[in-house]
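Inspection log for the structure reproduced underneath, given as structure tokens.
Read-outs: derived from the displayed coordinates by stated rules, not from any lab. Please read these numbers as outputs of a predicted model, since none were measured by experiment. Here the Cβ positions follow ideal geometry from the backbone for every residue, glycine too, while neighbour counts run over all protein chains shown.
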Amino acid sequence: IVYIDLLLLSISTLIVKPLLLHSVCPLLRAITRDRFIPPISYDPFPATVVDVPIVPFSLDTNATTDACEPLEPGSLDFTDKIVLVRRGAVVSCDIHTQQENLALVGGTLVLVYNDDRPLSYPVIGNTNSTVGFITSFAGKQIVEAIKAGRNVTADFSVNHGLPVALTYSLGGDPNYFTNIGPLYDLQIKPDIAAPGGKIYSTWIDDSYTIQSGTSMAAPYIAGVAALYVSVYGGRNTHPSGNAWAKDLGKRIISSGISVPWADGLTETDYGHSASVAQVGNGLVDAFKVLKYKTVIDYEKIALNDTRYFNRYHEISVTNNDEEAVTYKFSAEDIVSADILGWYAADRVIANPAPGTKRVKEFFDMIPETRAPEVSFPAEFTLQSGESKTVSVNFKNPDTLGWNASGLPLYSGRVLISGSNGEFLSVPYLGLGGDLRKEVTPLEETNYAFMISTTSNTPVASKPYFTFNLSLAAQDFPRVISKPIYGIKETRWDVFEAGWTEREWKYPPVPGENGHIGTIASWVGSGRVEAIDTSIYDPNETFTLRFALLKPFGDPSHADNWEVLHIPEISVL
């Protein structure tokens, strides 16, 4: 069993199930042509659709409004035919609209051919008809064949186990559903990217299907690892024992090549490569993993933020080639983007405010060119079998004038190029601001706050509770919290009356330093209307402490927590 700890993201591809087109020229009966055309469709056309004629809605391959308006029943008849229609270009005419209008005149089998926009799965709502989506080129070829006097028929009975790839303008880009990291402690994740969008794969009941996600990308990486093991052996072969899997993981990561910064929905060229925070070290290259003679040992270059900047990083280079190789270090500064922005604040029970800080979603991020200063070692030559460890030094970007309040997330790759034509890379990533400072306060504006009862009464107005748990009363404290950043630890503790932050000890122990216990989660809403107050709910006064640990915080230091100030509460 090989286990390699890699976190993956998926890259777009487009492979779909085919249909067979058969065209015949009536005047020249000896001339026939068969072509496989791959349609995109949520539900495949029935296999019973065989030798069904394709009829264009119009012969205008530049049409923008075909079937965009309701059609009068009887005005046309597409019964027992496949109607070919060009994708509507107006906002009010999506594929679903065309589907509905064509159904009025018997068009229950529809092929929509694309315009200049990227292909996507057709959004439809009528289950009584079937819609497929084909490329602009394929649609125009069918129309031109019919204009030339040829009869074109379709056959959907062909073996669906024969996938057909089609030209896809977004192929090789990160998928639109790909998240963007890094981890909240600024470790680099993901590690590497592999094809994972619209993958034609095996499925249950001896069938095939098209799926997307890391579940599709992971087998590619597993396959690369398996290829390596098949050639060079596993842990029984390598002297490093179990450590060889970690070494293989580094070999896979260092093979990566950059991919474009893309939204996954349009063909927009943003002029930047994708962030390491989104694609790791880029798209895996199996050839490098198997064939390269250069081996590098390293740790991913996590530079951290400007407060806890991590400057020095070592990389070891080994030449396993038969000849001497000269190595040169350089940088590929991929991209930077501010990840913190101001947005409209929620209008909640507490005092309203106009705006709040939030971490941006990917589609709100604007890629920019911002790079740190880096010092590389001079070129060096290694004889066959030799190794050398060098240091790569990064300068803290806190003096470069970046917008630190926006927390610019910057990344790139350290490139190691050999005179033998090989080049590998190590990803680097950092944050051009003081993370703890810029996300303080940790809560969004108007948060956190404590309320009780069905009236959502603030604790400042009612610092006492009966712990009537009925749905009608709900007389117990509730904290509403909405952090703007990931929290390593959230605590809600109960202390004796009069307890202060000076008495904080971590971890708190019941019975010591005034600590009574920690609040537990409750999932039995509405099931119990009251508790035994003589045991669980004594008539006393308590101090409640709801707190979030700040980024990189030491939990033993009271001031490293963001604490919700709550008046002492009484239990009645």
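Summary of values
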| item | result |
| --- | --- |
| Peptide ranges 418-424, 388-394 listed from the most packed, as the mean C-beta count within 10 angstrom indicates | 418-424, 388-394 |
| Answer label for semi-axes √(5λ) of the Cα gyration tensor in Å (calculated), chosen among (1) 34, 30, 26; (2) 49, 31, 25; (3) 53, 40, 22 | (3) |
| Sites residue 89 and residue 502, calculated FRET efficiency, Cβ-Cβ separation with R0 51 Å, nearest 0.05 | 0.15 |
| Whichever lysines have a C-alpha closer than 21 Å to that of residue 291, once near sequence neighbours (fewer than 8 apart) are set aside | 246, 250, 328, 388 |
| Mean ellipticity per residue at 222 nm, deg cm²/dmol - from DSSP H runs of n ≥ 4 across the chain, formula -39500 (n - 2.57) | -3500 deg cm²/dmol |
| Residue list for region 382-399, given a label point 7 angstrom along the Cα-to-Cβ vector of residue 314 and an amide N cut-off under 15 Å | 387-393 |
| For region 449-571: lysine pairs under 21 Å (alpha-carbon distance), excluding those fewer than 8 apart on one chain | 4 |
| Relative contact order (%) - criterion: Cα under 8 Å, at least six apart; region: the chain | 12 percent |
| Crossing angle, helix 214-232 versus the chain [Cα axis fit, 0-90 degrees, rounded to tens] | 80 degrees |
| Degrees separating the helix 136-147 axis from the principal Cα axis of the chain, which is the longest one | 20 degrees |
| Label point distance in nm, residue 332-residue 521, each placed 7 Å from Cα along Cα→Cβ | 4.1 nm |
| Ranked 221, 566, 192, criterion: other C-beta atoms within 10 Å, fewest first | 566, 221, 192 |
| Helix axis angle, 243-254 relative to the chain longest principal axis, alpha carbon, degrees | 60 degrees |
